[in-house]
Each structure stands twice: as C-alpha cells, then as structure tokens.
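See structure below.
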2 protein chains.
Amino acid sequence: MSSIPLKHFKKGTPKPELPEDGILRFYSMRFCPYSQRVRLVLEAKKIPHHKIYIDLSEKPEWYTDFSPLGKVPAIQLPGLKGQPALVESLVIAEYLDDQYPGEGPLFPKDPLQKAQDRILIERLAPAVSAVYPVLFTKNPSPDALTNFENALEVFEVEITKRGTPYFAGQKIGIVDYMIWPWFERFPALKYTLPEKYELDSKRFKNLLKWRDLVAQDESVKKTELDAQIHAKFMRTRHANEPNYDVAFEPL
Amino acid sequence: MSSIPLKHFKKGTPKPELPEDGILRFYSMRFCPYSQRVRLVLEAKKIPHHKIYIDLSEKPEWYTDFSPLGKVPAIQLPGLKGQPALVESLVIAEYLDDQYPGEGPLFPKDPLQKAQDRILIERLAPAVSAVYPVLFTKNPSPDALTNFENALEVFEVEITKRGTPYFAGQKIGIVDYMIWPWFERFPALKYTLPEKYELDSKRFKNLLKWRDLVAQDESVKKTELDAQIHAKFMRTRHANEPNYDVAFEPL
C-alpha cells in the first residue's frame, strides 16, 4: 500500500514523504502491543492506511505534531478538515469502528454489553503491569510470575463464564482483538526464561483454547510476529539497547 | 430519594437494606472526584438512584460483590437480569448517557468529536497525578506546584482554541463534567497551603472564566462541597486518618 521504508523513524530523520492521497496514516512501533490493537482493527475492517514506524527511544522531532505526548499509536486523518490526529488505542479503535462499517461492528451495539466489554478490557491492565517485569527483565523473580498468572486468571474465569469460543461470542470481536497482542507475546517467554516457561495448560485451559483459535484469525495473522522475533527484541531491551528494526529482519 | 444513612459504610457494617424498587444503586465515596463524575451525569440526566457511600480505608466486606477490585464509583442495575454492576467512571458515564435520553446526550454524536473529547479527558490524567502531591501532602514542594500548573496548561490552551464558553460548546457537556471535580477541589489549596494559593489569573484566564461558569450549573451545585469542607478532609488525610464523614458535618 505504501512505499514508506520498513524501518523506525529516528531523531534527525526527516518526515516521510507521503502522497497526498487522503489515506489514513498510522503511526506505530512494530513491537508495541497498543499499536497492534489499532492495526488489528485496521485489518479487520479492511481500512486502507499508510504505516509509519516510530523509534520510541529516539523519537523524531516532528512526531509531536501528530501525538502531543509522543506516544504511539496515533492515526492521522488527512482526508478531514485540519487533518486531525487521534491517540489512545481504545479511543482510536472505537472511532474506526464507528466510522468504517467494514464487515460489521466490532464493539457491541447494546450499551450494557459494550460497557461490560470495556470494563473487561480495562481489567487487562493489572496483568499487563504484572507481565512487564517478566517480559522485560532478564531474570524475573518467581513472585513476578505468580502475580502475572493471578492477574490473568480473570480472563480464564470470564471466557469460561461466557461459554463461547471468543470473548465476543461465536465470532471474534473487540475484546478478543484488544487483549490479543499480549497473548501473542507470552509464548516468547519460553525463549527468554531459563525454564522454557508456558502457561499452565490445566489452570488456563479455556484461555489457551481461545488463544489457539484467535491465532487462526486472518487479521491476527497479518499483524503477527513470531515468538522468536519477540524474544529477539526482548533481548535487545534486556541489554538496554532496544532495536525496533529486528521486526523486519529474517529470523 | 432514599433512607440510607448519610455515612460511609465500613468493614464490619452490614449491607444497607435497600428497597426492591429496581432503582439504580450508586456506590461512591463523597470526596472521590471519579465518583463525582458519575454523580454529575446522574443529576444532569435526572436519573433516579440510591446513594451508598463506601469507606475506602476500611471497605465493607460485601463491597467486592459490586466492584471486584473494591474501587468506587460503581453502579448496580437491579432492574436488569442478573443485577449487573458497572465500574470505571468514564465507562459508567457513557453507559448512562446511551441508556437515558434525559434532556439530550452529553457525549457528542459525531465520532471524531467524541474521540477528541475522550482524548482531552484522558489528558487530565497528568494534571491529576501532578496535583495529588499538592493536595494530599502537608508541605508540597514548589516543583510539585510547577508540574501541576504545567499539566493544567493543556486545558487553558484548549478552551482558548475552542473559543466557546464550555468545552462542549455553547452548552455544558461531557468534557466539562468529567474534568470539573478536580477544579472544585483546587480552591481548597488556599486553605491548606501556607501562601493561600490560587491559580494565576492571567495564565489561566479562560479556564478560570470557564470555572466560574460551570460553578453555576444546577447539577454541579447539587454535587458540590465547599472548598473549606474539602480542606477539612485533606487535613484528615494529611494526618493519615481520612475521615470521609466530614462531608456530612456542618462547616
């Protein structure tokens, strides 16, 4: 879709030259799970877009024009008056869902179901905070792993209670896409932790079934990176020299 | 509307006996700004509700039935199947706005405007983090005040840019209500800080004009507490003995 080079833009690099084609511009970092949320919605709704990758350690000077706090993801809407930019993965996801019909809405139309799904997505936050010390430190404490698993249990309980293959029901939907990016990253732990860590197949039985199912989704496949690539990136972070461009290197 | 006693329920206190009248139940703490957000929506949309206050230092054992993480605000919907409970102030606000027509919607109907308003509400977070050390420590550092004012400047810039009396336009709307609770608390600083602190009337000219205007709103008046009451509560927190019930005492 675009001739923008496959690399992360850094401090000192000029703005990419983009065609004035009115097509949505998507600013992200290739390993950022919040950015992947937006990319999943873009793919699921087949929304044309240009991808621009941002180096988060050394952000290009021009990036705050699109995201005042320098955060990814951001989208810019060059087809609209003033070429507005939006930030915050969930805000962008809902905007795209409202604005582009695609093959149907990803958010539930019922206000109560929608509120409950938004609360469930927010409840991933403790698991995310708990998994960071596991993913991004070289030798995480056993406590860190226990905290992570306890926080994740909410999702095993919820998918079991809902009794459907996806959190959204019989078809994949917003909760599935908004939590997926972290589940794509967990298998990298078997490469980065000494004991080839895996989620307990009994304790997380239904959640792991869900994971295998979601991994087959077309939009998920389009955005996925191999667990070994994730592990390779994590190692560059462990060494305090994050290399975002390993995403584009062969395994 | 309700005969529930005007006090915060504590550990060891039994569940309040509520009539089976199907009326929405609103769980909050009287000084909690996030709870006030929900209360403002309840008032603005004239939604009948019972108020139940929760002591956040010593939460009653039964409270996790309504809010799994023990947080306020929460609402419970006894009129619906399963009597579902919802948490997270913004999620509740949007649910109430979708579900109760009232005198018109508080959230913008245009998806772009709605996304931009949600982003602006999220941008209050840095000001909130920055103001906590000022509000709730006895002798805040001058740096803390500077950080707070810098974070607040986003709102002076934005109201000036929008050029309307309210963030929502000619009429009060969701951004106004969602950020108001913190602006109600700032004037308490003149009672808790040694130098009778006030926001700079030149630097925050339009924001202060907005504050005076919002203070006249009927729903705001119904939910407000006097700056001296806020200061009284802050002093109980400074002493590490938060007394939530000072909200119901005379000045």
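The values are calculated or read from the model by the stated rules, or taken from the named source; none is laboratory data. Note that the coordinates shown come from a computational prediction; the quantities given were computed from them, not determined experimentally. Counting neighbours? That spans all protein chains shown, and the Cβs are built from the backbone with ideal geometry, glycine included.
Taken over the range B:115-143, residues that are within 13 Å of chain A (Cβ to nearest Cβ) and not in a helix (DSSP H, G or I) amount to 1.
Can you pull out every residue in the range B:85-98 that is under 15 Å from A:D117 (Cβ atoms) and assigned to a helix (DSSP H, G or I)? Selection gives B:L90, B:V91, B:I92, B:E94, B:Y95, B:D98. As for the range B:63-77, it holds no residue that is touching a helix residue (DSSP H, G or I) at 6+ places or on another chain (Cβ under 8 Å), outside the structural domain of B:E184 (by TED's automatic domain parsing), of a type in the set (S, T, Y) and crowded, with 21+ Cβ neighbours inside 10 Å. Just one of the listed residues (A:G12, A:G104, A:G22, A:G82) is within 13 Å of another protein chain (Cβ to nearest Cβ), more than 30 Å from B:A74 (Cβ to Cβ) and not in a helix (DSSP H, G or I), and it is A:G82. The set of residues in the range A:107-143 that are surrounded by fewer than 17 Cβ atoms within 10 Å (Cβ to Cβ), modelled with pLDDT under 90 and not β-branched (V, I, T) comprises A:A125, A:P126, A:S129, A:Y132, A:P133, A:F136, A:K138, A:N139, A:S141, A:P142, A:D143. Of all residues in the range A:87-103, at least one satisfies being of a type in the set (S, T, Y) and touching a residue at least 24 places away in the same chain (Cβ under 8 Å). A:K202 passes every criterion in (1) over 18 Å from the mean Cα position of the chain (by Cα); (2) modelled with pLDDT under 95 apart from (2). Filtering the range A:119-148 to residues that are of a type outside the set (A, V, I, L, M) and closer than 26 Å to A:F66 by Cα leaves only A:E122.
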